[in-house]
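Let me begin by presenting the structure, written as structure tokens, before commenting on it.
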Protein chains: 2
Amino acid sequence: MNLLLLEEADFIAADRVILRDRRLTHMQEVHRCEVGDSMRVGRIGGLMGAAEVLRLDAAEAELRVTLDQQPPSKLPLTLVLALPRPKMLRRVFQTVAAMGVPRVVLVNSYRVEKSFWQTPFLEPEAIREQLILGLEQARDSVLPEIVIEKRFKPFVEDRLPAITEGTLGLVGHPGNYPPCPRGLDEPVTLAIGPEGGWIPYEIDLLGKSGLQPVQLGERILRVETAVTALLARLF
Amino acid sequence: MNLLLLEEADFIAADRVILRDRRLTHMQEVHRCEVGDSMRVGRIGGLMGAAEVLRLDAAEAELRVTLDQQPPSKLPLTLVLALPRPKMLRRVFQTVAAMGVPRVVLVNSYRVEKSFWQTPFLEPEAIREQLILGLEQARDSVLPEIVIEKRFKPFVEDRLPAITEGTLGLVGHPGNYPPCPRGLDEPVTLAIGPEGGWIPYEIDLLGKSGLQPVQLGERILRVETAVTALLARLF
């Protein structure tokens, strides 16, 4: 935790918060905070800054916060991601939040197992928990938007064109395609497939909605690694 | 598992192997192999190719293998990595093997907790197990070399200069440094610090041995994510 994130409910005044949960534990056990110490904080959805520990005991901590810094900028990106398996999904949420992806669309795909859609990790609170871990790691205070699209064709045909408009549309796909471009400044819509990849029908349909295939070499990477590698290369 | 890796001990003839362990289970439960099916295989440290299932029962599988393909090329890189915490270490081994890093030097650093050096995940067999998972994922048959250097100063002063000679020496470090370069063709020696980063003394000493600091933006990434992001950007 490189940033302590503050919820609306933590505020007891414009510049005061009370913390009682895992953040209190973390302050005590990892940071070994004492009264008078200063910590980096951010208000979820708002500014970042510093907090001074006013009071600290086993039950709660009271902090005085000064929020005067903009969070880091997000990438100019919408990430369209075939739903990963549940264990991977949780790490992907952390990774996209840490890397500064502002919007992720989770879509179905032929090679996504149907059971993956039943995972409790797709509940809004579970998603938010992982995103917050990513923001705490990277020092960011703004949650990415996560959109769930259980049906591939209606999403790609009806809603994806409005997302890709005005952006460079790319789909990561192994094969004889151009290499993924590097160091872009322009907005991008990037689609990443499931384990086993998109099927040809899906590549066709994504292409009609403005996403052209690019490849990242012959090595097959896990979804989380592929997401990180593609983003690090694109921006 | 996108590639079935074969050990020397599996071979009963130049073109025949018998499998009994988790690879047999994987063939049956994930790939649902039957006699006559073909699978991608690689000989550890050797060529890759295809195998035909000759015989398959609950106890063992016999395959006829044809090894005629070179494994994918490795990155022109030595990665010097401050020892990560054990849980992260296992994933880092998988990641570096999957991304094609040929050599990793695990070093001590001021911010590496002493207890991390006691982990059973540093036993040669445990390292090899994780590396093989990464190779199976990425379809590569050549194990990276893992070097363990428990003392920072003797390594950096006495052995690092010979490693960096003739390479571009870089150390990932947040701060007012040049951005990490992109799309290199030349050989690189890259050092990545522990959680919390290198201390100034370490940056100085690494600099004297030829590694100059570069930064990857203001977001603080987990070690595994930072490794992937730096490699994807460099090459």
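The values are calculated or read from the model by the stated rules, or taken from the named source; none is laboratory data. Since this is a predicted model, take the numbers as computed values, not measurements. Here Cβ is always computed from backbone atoms with ideal geometry, including for glycine, and neighbour counts include all displayed protein chains. The protein model used for the area step is the full one, side chains on, heavy atoms only, and it has no ligands, DNA or RNA in it. Shrake-Rupley method; radii C 1.70, N 1.55, O 1.52, S 1.80 Å.
Couple of notes before you dig in:
- Enumerated helices (runs of 4 or more DSSP H) restricted to segment A:79-185, each holding at least 1 residues that are open to solvent by less than 30 Å² (accessible area, probe 1.4 Å), polar (S, T, N, Q) and closer than 16 Å to A:ARG222 by Cα: A:86-99
- Qualifying residue in segment B:63-80 (condition: within 14 Å of chain A (Cβ to nearest Cβ), basic (Lys, Arg) and more than 20 Å from B:ALA138 (Cα to Cα)): no
- Single condition B:LEU231 does not satisfy, out of (1) within 18 Å of the chain's Cα centre (by Cα); (2) more than 14 Å from chain A (Cβ to nearest Cβ): (2)
- Filter result for A:ILE163 (away from every other protein chain (no Cβ under 14 Å), touching a residue at least 40 places away in the same chain (Cβ under 8 Å) and closer than 30 Å to A:ARG23 by Cα): no
- From the options B:LEU56, B:LEU24, residue that is open to solvent by 30 Å² or more (accessible area, probe 1.4 Å), of a type outside the set (Gly, Ala, Ser) and either free of Cβ contacts under 8 Å to residues at least 60 places away in the same chain or out of contact with any helix residue (DSSP H, G or I) (no Cβ under 8 Å at 6 or more places or on another chain) (or both): B:LEU56
- Residue identified as of a type in the set (A, V, I, L, M), under 19 Å from A:GLU195 (Cα atoms) and in a helix (DSSP H, G or I) among B:MET27, B:MET39: B:MET27
- For segment A:1-24, the set of residues classified as of a type in the set (D, E, K, R) and part of a loop (DSSP other than H, G, I, E, B) consists of A:GLU7, A:ASP15, A:ARG20, A:ASP21, listed by residue number.
- Of all residues in segment A:63-79, those satisfying the criterion of being touching a residue at least 40 places away in the same chain (Cβ under 8 Å) and under 29 Å from A:ALA162 (Cα atoms) are A:PRO71, A:PRO72, A:LYS74, A:LEU75, A:PRO76, A:LEU77, A:THR78, A:LEU79.
- Hits in segment A:186-228 (condition: within 14 Å of chain B (Cβ to nearest Cβ), in a loop (DSSP other than H, G, I, E, B) and open to solvent by 30 Å² or more (accessible area, probe 1.4 Å)): A:GLU195, A:GLY196, A:LEU216, A:GLY217, A:GLU218, A:ARG219, A:ILE220, A:LEU221, A:ARG222
- Tally, over segment A:176-205, of residues that are more than 28 Å from B:LEU184 (Cβ to Cβ), free of Cβ contacts under 8 Å to residues at least 60 places away in the same chain and in contact with a strand residue (DSSP E or B) (Cβ under 7 Å, 6 or more places away or on another chain): 1
- If you go through segment B:138-167 and keep only what is among the hydrophobic types (A, V, I, L, M, F, W, C) and either farther than 23 Å from B:LEU83 by Cα or touching a Gly at 6+ places or on another chain (Cβ under 9 Å) (or both), you end up with B:ALA138, B:VAL142, B:LEU143, B:LEU160, B:ILE163.
- Screening B:MET39, B:MET1, B:MET48 for residues that are surrounded by 14 or more Cβ atoms within 10 Å (Cβ to Cβ) and in contact with a Pro (Cβ under 7 Å, 6 or more places away or on another chain) leaves exactly one candidate, B:MET48.
- The listed residue being closer than 30 Å to A:VAL171 by Cβ, free of Cβ contacts under 8 Å to residues at least 40 places away in the same chain and in the same structural domain as A:LEU221 (by the TED database), out of A:PRO102, A:PRO86: A:PRO86
- Reported count of residues in segment B:98-117, each being within 14 Å of another protein chain (Cβ to nearest Cβ) and over 20 Å from the mean Cα position of the chain (by Cα), is 2.
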